[in-house]
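What follows is a single structure, written as structure tokens, with notes after it.
Values quoted throughout were computed directly from the atomic coordinates according to the rules given, and no laboratory measurement underlies them. Keep in mind the model is a prediction, meaning the values are calculated, not measured. Here the Cβ positions follow ideal geometry from the backbone for every residue, glycine too, while neighbour counts run over all protein chains shown.
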Amino acid sequence: GESVGLHLPTLSVQEGDNSIINCAYSNSASDYFIWYKQESGKGPQFIIDIRSNMDKRQGQRVTVLLNKTVKHLSLQIAATQPGDSAVYFCAENMIQGAQKLVFGQGTRLTINP
Amino acid sequence: EPEVTQTPSHQVTQMGQEVILRCVPISNHLYFYWYRQILGQKVEFLVSFYNNEISEKSEIFDDQFSVERPDGSNFTLKIRSTKLEDSAMYFCASIPEVGQREYFGAGTRLSVL
């Protein structure tokens, strides 16, 4: 069935270090993936997305890697800042038909000063 | 960046009462969504709406739930007879077309007493 899960519920890193947040998905038909950041009391905020015809995409300080062979997605955040502290969700989607996002459980990232 | 707006930010209601959660999607978007997030859990899809009708709905979206686009700008979620387990954050989202990332509102916190 469709499900998206995360390996680690919490992650703590030192300010300035790089962080990697992982995500496993089970629906091999999913072809569009998004990482969202959620701060306390706020809605999901878009970070970066990637389509299944790519295996890597870079943004500002963030990189998403997609490994379709093992159905794994990761978010790399470089030079972490205190403002990066939040819960990070991956979400998968099948572009065909009515789009809907299937979210993972989320990883809480804490940046230590 | 364009925004999805939701009102109210917090709604408190008695069990059994009807509530209407309101959303104003981004003006040129065509697909609209409601998601729910119970405290500490992942974001869950409720319903998608396109061309003035429901495209897809989840098992959560039972007969107590309904959606409406009463005019050209508002998109509402109605819960006819609230239950304690309806307490959650409700997020509205919209996209201009399928295959684009979803823009989320800040959410409405629904507290059923």
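Going toward the positive end of the dipole of segment B:6-113, with +1 on Lys and Arg Cβ and -1 on Asp and Glu Cβ, which of B:T82, B:Y50, B:V67 do you reach last?
The residue sitting most towards the positive pole is B:T82.
Tell me, A:D31, B:D71 in order of fewest to most beta-carbon neighbours within 10 Å? Don't skip to the end; give the middle numbers.
Numbers: A:D31 17, B:D71 7.
Arranged by neighbour count, lowest to highest, A:D31, B:D71 become B:D71, A:D31.
Which value in Å is the Kirkwood Rh of the protein assembly as shown over different Cα pairs?
Final number for the Kirkwood radius of the protein assembly as shown is 18.0 Å.
Take every Cα pair under 8 Å in chain A that's 6+ residues apart, average their separations, divide by the length, and report that relative contact order as a whole percent. Intermediate values should be presented prior to the final figure.
On the way: 285 pairs, mean separation 41.7, N = 113.
Averaging sequence separation for qualifying contacts and normalising by length gives 37 percent for chain A.
From the gyration tensor of the Cα coordinates in chain B, what semi-axes in whole Å does the equivalent ellipsoid have, largest first, with each one equal to sqrt(5λ)?
22, 14, 13
Chain A: percent of C-alpha pairs farther apart than 20 Å?
Here the long-distance tail beyond 20 Å is 36 percent of all Cα pairs in chain A.
Roughly how many nanometres apart are two label points built 7 Å out from the Cα toward the Cβ at B:D71 and A:S40?
3.7 nm
Which value, in debye to the nearest 20, describes the size of the charge dipole of segment A:19-113 about its Cα centre when Lys and Arg Cβ atoms bear +1, Asp and Glu Cβ atoms bear -1, and nothing else is charged?
40 debye
Expressed in nm to one decimal, what extension gain is obtained for the pair A:E15 and A:R57 from 0.36 nm per residue of sequence separation less their Cα-Cα distance?
The A:E15-A:R57 span can extend by a further 12.8 nm.
Using the charge dipole of chain A (Lys, Arg: +1 at Cβ; Asp, Glu: -1 at Cβ; taken about the Cα centre), state which of A:A29, A:V64, A:S19 has its Cα farthest towards the positive end.
About the Cα centre, the residue reaching furthest to the positive side is A:A29.
Among the lysines, which have Cα under 24 Å from the Cα of B:K42 when same-chain residues fewer than 8 positions away are ignored?
Result set, ordered by chain and number: A:K37, A:K42, A:K68, A:K71, A:K100, B:K57, B:K78, B:K83.
Could you work out the local net charge near B:L77, counting Lys and Arg as +1, Asp and Glu as -1, over the other residues with Cβ closer than 9 Å to its Cβ?
My count for the surroundings of B:L77 gives +1.
I need to check one value: relative contact order of chain B, counting alpha carbon pairs closer than 8 Å and at least 6 residues apart, in percent. Can you show the working numbers first?
On the way: 275 pairs, mean separation 43.8, N = 113.
Here the relative contact order equals 39 percent.
Counting other Cβ atoms within 10 Å, which GluC sites (Glu not before Pro) in segment B:50-113 have at most 14 and lie in a DSSP loop?
Counting only loop positions with at most 14 other Cβ atoms within 10 Å, the GluC sites (Glu not before Pro) in segment B:50-113 are B:E59, B:E97.
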